[in-house]
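S.K.: The structure's right below; bear with me while I get my questions together.
The values are calculated or read from the model by the stated rules, or taken from the named source; none is laboratory data. Everything numeric here is computed off the predicted structure, so don't read it as measured data. Here Cβ is always computed from backbone atoms with ideal geometry, including for glycine, and neighbour counts include all displayed protein chains. These accessible areas exclude ligands, DNA and RNA; they are computed on the full protein's heavy atoms, side chains included. Shrake-Rupley method; radii C 1.70, N 1.55, O 1.52, S 1.80 Å.
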Amino acid sequence: MREAAGVRPEHLRGDTPAGDRHLVLLHGRGAVDLRTARREWMEDLSHGARSAGLVPPEVGAAWLPSYGDALARAVDASDRSVVTAQDPEIVAAERAIVEALARSPGSGAPPRDLRDEITDRVRDVLEWVADNSPLDEALLALAFRDVALYLSDEGAREAVQRAILDGLPPHGETVLVAHSLGSVAAVELLCDRRVPQVSELITCGSPLGLDAVQRRIGPAVQELDRVRWTNVWSADDPVTVGSPLRDDWGHGVVDVEIHGERDDPHAFGTYLGNELVATIVVTAVRRDSRTSVGHEPTGR
């Protein structure tokens, strides 16, 4: 695909080597500079692959669909609040939590062992609250307005999914590596059988463990049985509260836990640069299609 100089492409096509499956990287919420993102994410993937002793794919091999502009237009067009009506005191308390989380962490970072203990305790609390209150709904509505709009507005959802479909390889087996909100859209497309070319799905930093997300998707879980699905999550990543996904999404999901090694444990590059994740991706791209279904769990 030729791109005019200085014009941001809506999608980036990949140059898939002969014998390989197509590699598609699907971003999370927000618009991204596709050229920069592909270079940086493939460098991260290359680092993780080389650490594992594997030959990484070339930068230009990756396909990058983009739905950020479609989602932004839907947000701009929406003049209604996506916050569910709730008790004012609950909303006020939840807003205070969101604002506290958004503030700077302070002058110094705690030691690693203490940070791990804090992370574990906070995650336990968040998981309990998400299971026993409407906090996950409020977090989506207050902190991630575009995500909440995607989940609640059929027009926004269709615009995002159509944009993704326009950027996928039209033919040939595809490995779809989807991050954050992109993983939600990917699972919906798979449940609706709109992406028959996808034979393997790798989700990273996914919010699919949240009850609020699951209620709004209403997935036909049996449709996912034909796809090899690996879900990578990190206890350091707050978006993955509710992971592992196996109990909610069926035994076909292989959950793999990693530890974030950067300042931003949710970043797509943090996942792709992990040695285990890179191994999963590179192996999937070069896997014999005859072994693409019925795999045994290898992670947690």
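S.K.: Would you be able to tell me the number of residues in the range 28-42 that are touching a Phe, Trp or Tyr at 6+ places or on another chain (Cβ under 7 Å) and modelled with pLDDT under 95?
M.R.: Selection size over the range 28-42: 2.
S.K.: Now a separate question. Take the residues of the range 144-194 that are touching a residue at least 60 places away in the same chain (Cβ under 8 Å), charged (D, E, K, R) and within 25 Å of Thr270 (Cα to Cα): which is surrounded by the fewest Cβ atoms within 10 Å (Cβ to Cβ)?
M.R.: Arg145
S.K.: Still on this structure, I have one more. What number of residues within the range 242-280 are in a helix (DSSP H, G or I) and over 14 Å from the mean Cα position of the chain (by Cα)?
M.R.: Counting residues in the range 242-280 that are in a helix (DSSP H, G or I) and over 14 Å from the mean Cα position of the chain (by Cα) gives 9.
S.K.: Kindly indicate whether Arg226 is basic (Lys, Arg), farther than 28 Å from Pro56 by Cα and open to solvent by 10 Å² or more (accessible area, probe 1.4 Å).
M.R.: In short, no.
S.K.: List, please: which pairs have Cβ atoms under 7 Å, are six or more places apart or on different chains, and start with a residue in the range 26-40 that is under 11 Å from Ala62 (Cα atoms) and end with one that is at pLDDT 90 or above and part of a helix (DSSP H, G or I)?
M.R.: Leu26/Ile164; Leu26/Gly182; Leu26/Ala186; Arg38/Val59; Arg39/Val59
S.K.: With the requirement that a residue be surrounded by fewer than 21 Cβ atoms within 10 Å (Cβ to Cβ) and not basic (Lys, Arg), what does the range 237-248 give you?
M.R.: Pro238, Pro244, Asp247, Asp248
S.K.: Quick one: how many residues across the range 222-241 are more than 14 Å from the chain's Cα centre (by Cα) and in a loop (DSSP other than H, G, I, E, B)? Give the steps one after another, and end with the answer.
M.R.: Of all residues in the range 222-241, those more than 14 Å from the chain's Cα centre (by Cα) come to 222-228, 235-236.
Those still in the list that are in a loop (DSSP other than H, G, I, E, B) too: 227, 235-236.
Summing the residues that are more than 14 Å from the chain's Cα centre (by Cα) and in a loop (DSSP other than H, G, I, E, B) in the range 222-241 gives 3.
S.K.: Identify all residues within the range 39-58 that are part of a helix (DSSP H, G or I) and among the charged types (D, E, K, R); write none if there are none.
M.R.: Arg39, Glu40, Glu43, Asp44, Arg50 - these are the residues of the range 39-58 that are part of a helix (DSSP H, G or I) and among the charged types (D, E, K, R).
S.K.: Condition (residue is crowded, with 20+ Cβ neighbours inside 10 Å, modelled with pLDDT of 90 or more and among the acidic types (Asp, Glu)) applied to the range 43-65: is it met by at least one residue?
M.R.: Yes; the residues of the range 43-65 include at least one that is crowded, with 20+ Cβ neighbours inside 10 Å, modelled with pLDDT of 90 or more and among the acidic types (Asp, Glu).
S.K.: What is the one condition in (1) open to solvent by less than 10 Å² (accessible area, probe 1.4 Å); (2) of a type in the set (A, V, I, L, M); (3) modelled with pLDDT of 85 or more; (4) within 15 Å of the chain's Cα centre (by Cα) that Val213 does not satisfy?
M.R.: (3)
S.K.: Is at least one residue of the range 153-164 modelled with pLDDT of 95 or more, closer than 19 Å to Gly14 by Cα and not in a helix (DSSP H, G or I)?
M.R.: For the range 153-164, residues modelled with pLDDT of 95 or more, closer than 19 Å to Gly14 by Cα and not in a helix (DSSP H, G or I): absent.
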